[in-house]
Amino acid sequence: MSEVNLGKRKEKCENCTKQCNKKQSDEGGNSQQERDDVNGQVNESQLLLSACLSCDGCLSEEESLKISQQSLEEVERVLALNKKCDVSKHKVLVASVCPQSLPFFAVKFGLDVSEAAHKLCGFLKSLGVQYVFDTTLAAGFSILESQKEFIQRYRRRHHDSHALPMFTSSCPGWIRYSERVLGSLVTPHICTARSPQQIMGCLVKDYFSKQQKLSPEKVYHVVVAPCFDKKLEAVREEFYNSLLETRDVDCVLTSGEIYYLMEQRKVSVEELDSVPLDQVLGDAGDVALVRHEGRGSEGFLEHVFKHAAKELFGLDVHEITYKTLRNRDFQEVTLERDGETLLQFAAIYGFRNIQTLVHRMRKGRVPYQLVEVLSCPGGCLSGRGQAESEVGGRVDKALVQQMEDAYSSLPVRLPEVNPTLHTLYQDWLQGQDSSQAGMLLHTQYKNQGQIHAQPPHMQW
């Protein structure tokens, strides 16, 4: 790498460090003991995970190239080619919208979530997108597979030291940090279920493309997500088919990027058609939007907790009570019977809290069987791809509150009672415990180490 590039990268890292330090001092820091580095040394500089991974300072040249293709310009290039080139070379554009992105559009449009989804669908189709799905179905697969894996891990906990705690795997910022920095301390504990985004990628490129009699490389799959780090997840090596030269997810655009495109084209909400979202099974008619349990994310903790209580102890849990520990982003839930603690789970969001978790893990003081880990404080609704204010780069707390209210207005449906999931398990995956399900719904996380040596001022 040239000295110029290294100089630019160092300058960017230093600026990122300064910004992160300022943000932490503004928000309040940890105690000195818990500011100790996860490697056991005291740091003068602490970085926020979400801020660091949104910067390209530590990306390899190859990753930088791949990320550069995750852009509005790339999508517009594909759309333009569809208008110019021979029909045989056209791409079928499919957009999958994360449920945590829809409240952003609801707030921006001044509509409820369902109406906003229809307007968003109308906009995307006006661009030339042929199919628009939401990823709640894929999240259902991820939740069910996570539930099953937790039960398996719990039952082998006495002879497998890596079985528990189990860490959730849907947050790419957390996964990147685990693989590149924490290594074997954490990676064996990460749930192998793919994230909703990547399961949706399989659904579109494997099942849906076959239903449409299309080769996967003929489909260009765009995901609309609240988080920039989802772009990094889409370009992971294991989600690329080298034989067909196609990715499960070709491009991730944030909610903010889509809204910017609307503003750029001077599109008003009033003039947009309201178009129902498409259904993977091709069912006709509008289907009501639903959400999973949990506060603004996919609710892995709540779903696994209730499932484990019933499966392992025969207890029906209807309501979950969170106990706030350090702050709103560090909470735990406990299942007790006759004074005995049967299960203890935690929801830990934001890098400061993640550092505390890792510090305790190194000391062997983690009492939890499952931890739902997300790198963004506040969870997925607070993703920097939609929750950042226009001035100063801070999270817009008023916007986040409005999005939380909009999201919570959606009805909850358990994935266990979703008939579409049961149909797809049979028709697409040949059963819940099939090798096909294992291959398409799971992945492996490994120690990658740092691609670049860390600058001396940048300590994790």
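Kindly provide the set of residues from region 150-208 that are among the small types (Gly, Ala, Ser) and either touching a Pro at 6+ places or on another chain (Cβ under 8 Å) or buried (at least 24 other Cβ atoms within 10 Å of the Cβ) (or both), ordered by number.
Of all residues in region 150-208, those among the small types (Gly, Ala, Ser) come to 161, 163, 169-170, 173, 178, 183-184, 193, 195, 201.
Those that are among the small types (Gly, Ala, Ser) and either touching a Pro at 6+ places or on another chain (Cβ under 8 Å) or buried (at least 24 other Cβ atoms within 10 Å of the Cβ) (or both): 169, 170, 173, 178, 193, 195, 201.
Only one of (1) buried (at least 22 other Cβ atoms within 10 Å of the Cβ); (2) in a loop (DSSP other than H, G, I, E, B) is not met by residue 372, so which one is it?
(2) is the only condition that residue 372 fails.
Counting just the residues of region 398-445 that are under 22 Å from the mean Cα position of the chain (by Cα) and among the charged types (D, E, K, R), which one comes out farthest from residue 192 (Cα to Cα)?
The residue in question is 405.
For every residue, the table says whether it meets (1) hydrophobic (A, V, I, L, M, F, W, C); (2) touching a strand residue (DSSP E or B) at 6+ places or on another chain (Cβ under 7 Å); (3) closer than 30 Å to residue 224 by Cα.
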site	(1), (2), (3)
342	yes, yes, no
350	no, no, yes
354	yes, yes, yes
361	yes, no, no
367	no, yes, no
387	yes, yes, yes
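Residues to consider are 120, 93; find the one that is at pLDDT 95 or above, under 21 Å from residue 407 (Cβ atoms) and of a type in the set (A, V, I, L, M, F, W, C). Write out each step before concluding.
Values: 93 fails: under 21 Å from residue 407 (Cβ atoms).
When all the criteria are applied, what remains is 120.
Let's see how each residue does on (1) in contact with a Ser or Thr (Cβ under 7 Å, 6 or more places away or on another chain); (2) charged (D, E, K, R); (3) crowded, with 24+ Cβ neighbours inside 10 Å:
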| residue | (1), (2), (3) |
| --- | --- |
| 89 | no, yes, no |
| 99 | yes, no, yes |
| 129 | no, no, no |
| 138 | no, no, yes |
| 148 | no, yes, no |
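Mind checking which residues of region 223-252 are in a strand (DSSP E or B) and within 22 Å of residue 374 (Cβ to Cβ)?
Within region 223-252, 223, 224, 225, 252 meet the criteria.
Check whether at least one residue in region 253-262 is part of a strand (DSSP E or B) and surrounded by 18 or more Cβ atoms within 10 Å (Cβ to Cβ), and report yes or no. Step through it out loud before you land on a result.
Taking region 253-262 as the starting set, the residues that turn out to be part of a strand (DSSP E or B) are 253-254.
Checking the rest, the ones that are also surrounded by 18 or more Cβ atoms within 10 Å (Cβ to Cβ) come to 253-254.
Scanning region 253-262 turns up at least one residue that is part of a strand (DSSP E or B) and surrounded by 18 or more Cβ atoms within 10 Å (Cβ to Cβ).
Quick check on my filter: what residues within region 229-256 are among the hydrophobic types (A, V, I, L, M, F, W, C) and out of contact with any Pro (no Cβ under 8 Å at 6 or more places or on another chain)? First the steps, then the outcome.
Step one: filter region 229-256 for residues among the hydrophobic types (A, V, I, L, M, F, W, C), giving 232, 234-235, 239, 243-244, 249, 251-253.
Scanning region 229-256 gives 234, 235, 239, 243, 249, 251, 252, 253.
The values are calculated or read from the model by the stated rules, or taken from the named source; none is laboratory data. Source: prediction; values computed, not measured. With ideal geometry, Cβ positions are generated from the backbone for all residues, glycine too; neighbour counts draw on all protein chains shown.
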